[in-house]
Amino acid sequence: MANVQKDWVLEELENGVMRLILNDEKRRNALSENMLDALHEKIMDSAENPKIRVVIISAKGPVFCAGHDLKEITQARDDKDDGIIYFQNLFDKCSEVMKGIVTNPKPFIAEVNGIATAAGCQLVASCDLAIASDASRFATPGVNIGLFCSTPMVALSRNVSNKHAMEMLLTGDMVDSKRAEQIGLINSSCAEKVLSDEVNALAKKIASKSSLTLSVGKRAFYQQSEMTLGEAYAYTAKIMVDNMLKKDAKEGISAFLAKRKPQWQDK
């Protein structure tokens, strides 16, 4: 593990909403070893913390995340093995971060205000939801430097259609926030001055739901998406039965019929 010498990822917690803030503005919030270690630790911690119901990932500065640190990568080429061990370790760390978001029981929202490229675009695509400012732009530009964005492709291709994903991957061109919304990379875009308000309102709305129900639904969503139609219906039917027997389902249905606000127990 790299030596963590600063607060690479800041955190704020209010009313069940955890905000993780990428904090390496000088290096364009690159996913260096330090940044990945810090981000992975906080993502894993959020999964176990009952006080956290929703997680927002945002960043300091005009760049949300520029992907991997190319200077750090170049330095690794001087290793005796030409950087093979370093490269494998780096991409493994990055994959664990992305998988940690998808498998985390808490919903994740990317708040993008600026540029998100390569692994930074991958980070946006890995979150369950994403809202960006009008000034934001996205790209998987590895092809421009002879390094195809193969790992970012995993998250990208699971969020946008094959044709749109391949267009981004093969050209490396920047996509503005309106286009990103059209192809499904983000949910919506808005003016920079209201971005945080929009994201906070969405996070607050989601945090008001049963945390248990959210976790059941998120897990089922990603599980069924990899199944055949028949397998998906058989799997989700079982999930529905199990969910129906939970206290929060009984409370939610009773509250709806009684026209009152439900009191969640997260059980």
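A short reminder: the numbers here are calculations on the coordinates, not readings from a lab. None of these values were measured; they are calculated from a predicted model. Positions of Cβ are backbone-derived with ideal geometry, glycine not excepted, and every protein chain shown enters the neighbour counts.
So the values come out like this:
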item: Efficiency of FRET between Ile85 and Glu41 - r from beta-carbon atoms, R0 25 angstrom, step 0.05; result: 0.70
item: Among the listed pairs Lys99/Lys218; Lys106/Lys193; Lys93/Lys163; Lys42/Lys250, those beyond 24 Å (Cα-Cα); result: Lys106/Lys193; Lys93/Lys163; Lys42/Lys250
item: C-alpha long axis of helix 211-224 to longest principal axis of the chain, angle in °; result: 60
item: Built amide H within the under 5 Å cut-off of Cys190, gap 5+; result: Ala132, Ser133, Asp134
item: Ala258-Val194 pseudo-label distance in nm [points 7 Å out on the Cα-to-Cβ vector]; result: 3.7
item: Angstrom value of the Kirkwood radius, inverse mean 1/r, which spans all Cα pairs in region 211-258; result: 11.6
item: Residues Thr213, Thr117 arranged by fewest to most Cβ contacts within 10 Å; result: Thr213, Thr117
item: Long-range HN-HN contacts of Ala110 with modeled amide H, under 5 Å; result: Ile57, Leu129, Ala130, Ile131
item: 32 Å tail of the calculated P(r), the chain, as % of Cα pairs; result: 26
item: Lys6 paired with Lys205, simple spin-label distance in nm, labels 7 Å along Cα-to-beta-carbon; result: 3.6
item: Principal semi-axes in Å for region 36-149 [√(5λ), Cα gyration tensor, largest first]; result: 26, 19, 11
item: Volume per residue that the Cα convex hull of region 1-54 spans, once the total is divided by residue count, Å³; result: 77
item: Spin-label zone in region 207-241 - amide nitrogen under 13 Å from a point set 7 Å from the Cα of Asn15 along the C-beta vector; result: 207-209
item: P(r) tail fraction, region 147-252 - alpha-carbon pairs more than 23 Å apart, %; result: 52
item: Pairwise centroid distance, computed over Cα atoms, of region 147-204 with region 85-114, Å; result: 16
item: Cα long-axis angle, helix 162-171 against the chain (0 to 90 degrees, to the nearest 10); result: 20
item: Footprinting exposure proxy for Ile101, Ile183, Ile84 (fewest neighbouring C-beta atoms within 10 Å first); result: Ile84, Ile183, Ile101
item: Two-site label geometry, Met240 and Lys71: point separation in nm, points 7 Å out along Cα→Cβ; result: 5.5
